[in-house]
Amino acid sequence: MTLKRLAAMTAFSAILLALSACGGDEPAAPPPTPQAVSAEAVGHYCGMMLLDHAGPKGQIFVKGRAAPVWFSSIKQVFAYTLLPEEPKGLAAIYVNDMAAAGPDGAADLKAWVDARQAFYVINSSFIGGMGAEDAMPFSDQARAQAFAQTHGGRVVRFADVPEDYVFAQ
């Protein structure tokens with residue numbers, strides 16, 4: 001084998017190796033869009049119909065599954081992401097955007113925000129759909145702060161919600 005041919009084969013092999021390391025994977029698919037709460041939507045932990053509960057709801061899309069996992073309260077959304085026995089391959093997490101709530105304070109079940117981008121009011125006087133204090137998600141930080149001033153509590157981001165808050169009775 002000639003030196004030129006060996007150099008060409010080595011260069012070709014290096015190019016193939018670089019290409020396989022740099023982008024052989026398929027481009028990431030966009031996350032699924034949030035679904036409307038239907039009459040058939042059932043809470044993952046409580047097994048009850050979501051429409052039977054007041055307050056904001058949540059939905060999580062697990063990679064490889066078309067239908068979301070539904071939640072009757074926002075604390076349950078956090079619990080699902082923290083519990084070791086629950087799936088970790090999450091494609092999207094959505095919570096109702098309380099910045100779009102009606103004048104009566106009821107959640108707009110068609111208004112969703114990416115849970116990781118939301119601002120949450122925790123430790124407030126708000127009683128959620130499961131009859132216990134719950135986090136209130138907002139897409140707008142100013143609206144979250146106004147809610148906290150009126151109802152108590154503090155504003156935190158998704159990654160800053162303490163585990164002891166999520167699992168408190």
Kindly check whether there is at least one residue in the stretch 82-95 that is surrounded by 18 or more Cβ atoms within 10 Å (Cβ to Cβ) and in contact with a helix residue (DSSP H, G or I) (Cβ under 8 Å, 6 or more places away or on another chain). yes
Residue among Arg116, Arg65, Arg143, Arg157 that alone is touching a Phe, Trp or Tyr at 6+ places or on another chain (Cβ under 6 Å) and either farther than 27 Å from Pro31 by Cα or not β-branched (Val, Ile, Thr) (or both): Arg116
Please go through the stretch 152-169 and pick out each residue that is closer than 24 Å to Leu51 by Cα and either open to solvent by 50 Å² or more (accessible area, probe 1.4 Å) or assigned to a strand (DSSP E or B) (or both). Phe167, Gln169
Restricting to the stretch 98-123, give me the number of residues that are within 12 Å of the chain's Cα centre (by Cα) and assigned to a loop (DSSP other than H, G, I, E, B). 4
Answer with yes or no whether Val121 is open to solvent by less than 30 Å² (accessible area, probe 1.4 Å), of a type in the set (A, V, I, L, M) and at pLDDT 95 or above. yes
Out of the residues in the stretch 124-151 that are among the polar types (S, T, N, Q), modelled with pLDDT of 95 or more and not in a loop (DSSP other than H, G, I, E, B), state the one that is surrounded by the most Cβ atoms within 10 Å (Cβ to Cβ). Gln145
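To keep it simple, each residue is scored yes or no on (1) in contact with a Lys or Arg (Cβ under 8 Å, 6 or more places away or on another chain); (2) open to solvent by 30 Å² or more (accessible area, probe 1.4 Å); (3) within 27 Å of Ala146 (Cα to Cα); (4) among the basic types (Lys, Arg).
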site: Ala67; (1), (2), (3), (4): no, yes, no, no
site: Ala79; (1), (2), (3), (4): no, no, yes, no
site: Met98; (1), (2), (3), (4): yes, no, yes, no
site: Ala107; (1), (2), (3), (4): yes, no, yes, no
site: Trp112; (1), (2), (3), (4): no, yes, yes, no
Candidate set from the stretch 37-57 (those that are within 15 Å of the chain's Cα centre (by Cα) and touching a residue at least 60 places away in the same chain (Cβ under 8 Å)); member that is surrounded by the fewest Cβ atoms within 10 Å (Cβ to Cβ): Lys57
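The values are calculated or read from the model by the stated rules, or taken from the named source; none is laboratory data. Just so you know, these numbers come straight off a predicted model, no measurement behind them. For neighbour counting, all protein chains shown are included, and Cβ atoms are generated from backbone atoms with ideal geometry for every residue, glycine included. Areas reflect the complete protein model, heavy atoms only, side chains present, ligands, DNA and RNA absent. Shrake-Rupley method; radii C 1.70, N 1.55, O 1.52, S 1.80 Å.
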